[in-house]
Each structure stands twice: as structure tokens, then as C-alpha cells.
1. Alpha carbon centre of the stretch 97-123 versus the stretch 176-202: separation in Å?
2. How much of the accessible area of the chain, in percent, comes from carbon and sulfur atoms when a 1.4 Å probe is used?
3. Report the extension gain between Leu150 and Glu223 in nm, rounded to one decimal, defined as 0.36 nm multiplied by the number of residues separating them, less their alpha carbon distance.
4. Checking understanding here: applying a Kyte-Doolittle mean of at least 0.5 and a length along the axis of at least 15 Å (C-alpha), which whole DSSP H helices in the chain pass?
5. Given the Cα-Cα distance of Thr210 and Glu176 and 0.36 nm per residue of separation, how much length would full extension add, in nm?
6. Report the calculated FRET efficiency for Ala47 and Phe96 (r = Cβ-Cβ distance, R0 = 51 Å), to the nearest 0.05.
7. Given a 1.4 Å probe, how much area per residue of the stretch 13-144 is accessible, in Å²?
8. Which FRET efficiency value, to the nearest 0.05, is calculated for Glu75 and Ser132 with the Förster distance at 30 angstrom and r the Cβ-Cβ distance?
Amino acid sequence: MSDKGLLLVTGGSRGIGAAVCRLASRDGWAVALTYRSAKGEAEAVAADIRRGGGTVSIHQCDTADRSSIAGLFGEIDALGIPLKGLANNAGIINPFTAFIDADPDRMERLYAVNLTGATIVLQEAAKRMAKSRGGQGGAIINTSSIASRLGGAGACVDYSASKAALDVLTFGLGRELASEGIRVNAVRPGIIETDIHSDTGNPNRVADLTDELPMKRAGSAEEVAETILFLLSERASYVSNALVDIGGGR
Ligand code: NAP
């Protein structure tokens, strides 16, 4: 059973988000996870959680669509469990290309998911957690990226810029929401073994990069998730506005 309240994980069907869901249930959170299209994967994560005796709900949501986010939070409210955590994690990357050749439609879509959608999710969650609005406070973790300090030259400057904006949202909201009992932090993963790399156009990207990574290996989704769970927990009760790099020295 959950004793910590509800943790909403956007993009909880695969990769880092799925690992967060599994470890969050281990740590006593009730989990609400979203997926965009991978319903089967979302159901598999939920089945694991239920097998372990945890509480979980699954919600279809395209975070690029405001009405879809509104529908998600209506479902969250109907659960009747106080929302006390947000892993603001859903994100996409585009095929790597020089900036001047990047397709504007794809850039617009990327910002709709990684920035506008993530911002609206932050706002809806904060409204529910804020003590001045009847909430119980809580913790928010944005999934940024080390790309926000590397810049992504020649490959993914648009993606890097969307993650840099998440860093700034973390700084600003960490200050704005502190008096509401809400801590806001971000993790900045480096190269992590998930499906997202195929979307860059190179399905072998992780293997191709391994030799140049300081630890000579990519990170795992679980290694990122453990840090997110720490930041969500009371063990991090005085940590806010922090950007935590999980790049194995990158
Ligand atoms: P992933 O395996 O591709 O998973 C992406 C997740 O986001 C999936 O659950 C997906 O849902 C969901 N999603 C995608 N578009 C969405 C949309 N429009 N609306 C709602 N959900 C959407 O990627 P990942 O590597 O775990 O990435 C998770 C986060 O970590 C992203 O923000 C990414 O930018 C960041 N990150 C990853 C790395 C890395 O090396 N892997 C490094 C730095 C930062 P479906 O399953 O339904 O498609």
C-alpha cells in the first residue's frame, strides 16, 4: 500500500520513466503513469507494480495537447489520492541534423512536448500540491539533460535548448514554490540505455559513443531513477533548485 501519496510520472511506459514507476512503488508511492502510444508497455509496468502489491493507474496523455493534459489531471483528481510528487519526464528528440537543415515542423513538435507540455504539466501539478490551494506540498523532478550544457552543436540544438529551458523552470519554480511546501529539482542524464537514441537516426548511437564516455559505458534507466527517487524523498528535504548531473563524468 502507498503511504507517501501519489506520484505522477509522465512518460512512464518506457525507459527512465518506467524505471521511476517501478522504484517509486518499491519506495511506497502510489503511482499514476502516463503513456502516449505504448499502451502495452504501460500495462506491463503496471502489472509489475501490482504483482509487488503496489497501487498504480495508467493514463493516456499526449503532453503536446493541452486538452489531453486537462483530461489527465481530471483523472488524477478522481483517484482521490493527494498528489505529492511529479516526475516531469516525457520527452522526445528529433533525427540529428545541422540546425540550418532542421525541419521547422519537427522543431515545433519537439518544443510542444519538451517545453510547452512540460510547463503546463508543472503548472497543473503545482496547483494541486500548493499548500495555499489546499494541497500538501510535495516534490517535482524535471528530466532535463546534460545536453542543456553541451548544446548539441551539429545534431540537436533544438532539443538542448528545450532542456535548458527546463533548467530555468527548475530555478524559478524552486524559488517561487518553496513557500508552498514544494521542492523543485532536475536531473540531467547523460547517455542512458533507452529507446530514445533510435529516434536520433542512429540505432547504434549508444554503442558508437561508449568508448568516448568517461566510464566507458552508458548509464541505465535505473541509475537515473534512483537519483529521482532520492530527490523525491524526505532524505532530500532541503534540496531544491538543484540540477543533478547523471552523466558518469561526462
Ligand atoms: P524513451 O524510452 O523514448 O521514453 C519516452 C517516454 O516519453 C515514453 O514513455 C513515451 O510514451 C513518452 N512520450 C513521448 N512523447 C510523448 C508525448 N507527446 N506525450 C506524452 N508522453 C510522451 O525515452 P527516455 O530515454 O526514457 O527519456 C525520458 C526523458 O529523459 C526524456 O525527457 C529525455 O529527453 C530525457 N533524457 C534521456 C536521455 C537518454 O540518454 N536516454 C538523456 C538525457 C535526457 P510512449 O511509450 O507511449 O511512446
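The values are calculated or read from the model by the stated rules, or taken from the named source; none is laboratory data. Computed from a predicted structure; not experimentally measured. Positions of Cβ are generated from backbone atoms using ideal geometry, with glycine treated the same way; all protein chains shown enter the neighbour counts. Just the protein is used for accessible areas: all its heavy atoms, side chains included, with ligands, DNA and RNA removed. Shrake-Rupley method; radii C 1.70, N 1.55, O 1.52, S 1.80 Å.
1. With the stretch 97-123 and the stretch 176-202 each reduced to a Cα centre, they are spaced 15 Å.
2. 51 percent
3. The span from Leu150 to Glu223 would gain 24.2 nm if fully extended.
4. Passing helices, by number: 15-26, 66-79, 221-232.
5. Numbers: separation 34, 0.36 × 34 = 12.24 nm, distance 3.95 nm.
Result: 8.3 nm gained on full extension.
6. 0.90
7. Spelled out: the 1.4 Å probe surface of the stretch 13-144, per residue, equals 44 Å².
8. On the way: r = 24 Å, r/R0 = 0.80.
Calculated transfer efficiency: 0.80.
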